[in-house]
Amino acid sequence: VQLQASGGGLVQPGGSLRLSCAASGSTFSINAMGWYRQTPGKQRELVAVITSGGSSNYAEDVKDRFTISRDNTKNTVYLQMNSLKPEDTAVYYCNAITTRGRYWGKGTQVTVSS
């Protein structure tokens with residue numbers, strides 16, 4: 001499974017961004033897809049995850065601001081991020097959990113700054 005993430009960038013506090021992650025390859029084996037983020041010196045942390053059936057979970061500090069969704073016809077998962085805060089600044093990574101293991105995409109930088 002290959003994952004291609006896009007949509008990062010610079011946004012002011014209170015703004016919005018949408019991240020996309022397109023999966024290719026053995027997409028039939030994907031059980032869940034999600035987004036993680038990492039800042040320098042810290043461990044990668046879960047942001048949101050969505051199963052193939054559409055169930056989702058969020059980190060506590062984003063659950064009222066971020067929405068994860070997926071388009072199974074396009075093998076793509078999205079992360080709509082609203083009301084962004086400076087502390088959301090991080091490299092965001094797409095992740096796929098498959099019957100064959102866990103796969104990661106290259107990170108995309110999200111910077112929230114005025």
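The values are calculated or read from the model by the stated rules, or taken from the named source; none is laboratory data. This one's a predicted model, so the numbers in the text were calculated from it and none came from an experiment. All Cβ positions, even for glycine, are placed from backbone atoms using ideal geometry, and neighbour counts span all protein chains on display. Surface accessibility is based on the protein's heavy atoms, side chains included, excluding ligands, DNA and RNA. Shrake-Rupley method; radii C 1.70, N 1.55, O 1.52, S 1.80 Å.
Among the conditions (1) in contact with a helix residue (DSSP H, G or I) (Cβ under 9 Å, 6 or more places away or on another chain); (2) open to solvent by 10 Å² or more (accessible area, probe 1.4 Å); (3) not hydroxyl-bearing (Ser, Thr, Tyr), GLY25 misses just one, which is (1).
Taken over the stretch 73-114, the residue count meeting the criterion of being among the small types (Gly, Ala, Ser) and surrounded by 15 or more Cβ atoms within 10 Å (Cβ to Cβ) is 4. The test for being among the basic types (Lys, Arg), out of contact with any helix residue (DSSP H, G or I) (no Cβ under 7 Å at 6 or more places or on another chain), more than 20 Å from ALA22 (Cα to Cα) and surrounded by fewer than 12 Cβ atoms within 10 Å (Cβ to Cβ) does not hold for LYS63.
Of the residues THR39, THR73, THR67, the single one that is without any contact (Cβ under 8 Å) to a residue 24 or more places away in the chain and under 30 Å from SER114 (Cβ atoms) is THR67. Which one of these does SER52 not meet: (1) open to solvent by 40 Å² or more (accessible area, probe 1.4 Å); (2) at pLDDT 95 or above; (3) touching a Lys or Arg at 6+ places or on another chain (Cβ under 9 Å)? Result: SER52 passes all but (2). Of the residues making up the stretch 28-49, not one is modelled with pLDDT under 95, over 13 Å from ILE97 (Cβ atoms) and crowded, with 16+ Cβ neighbours inside 10 Å.
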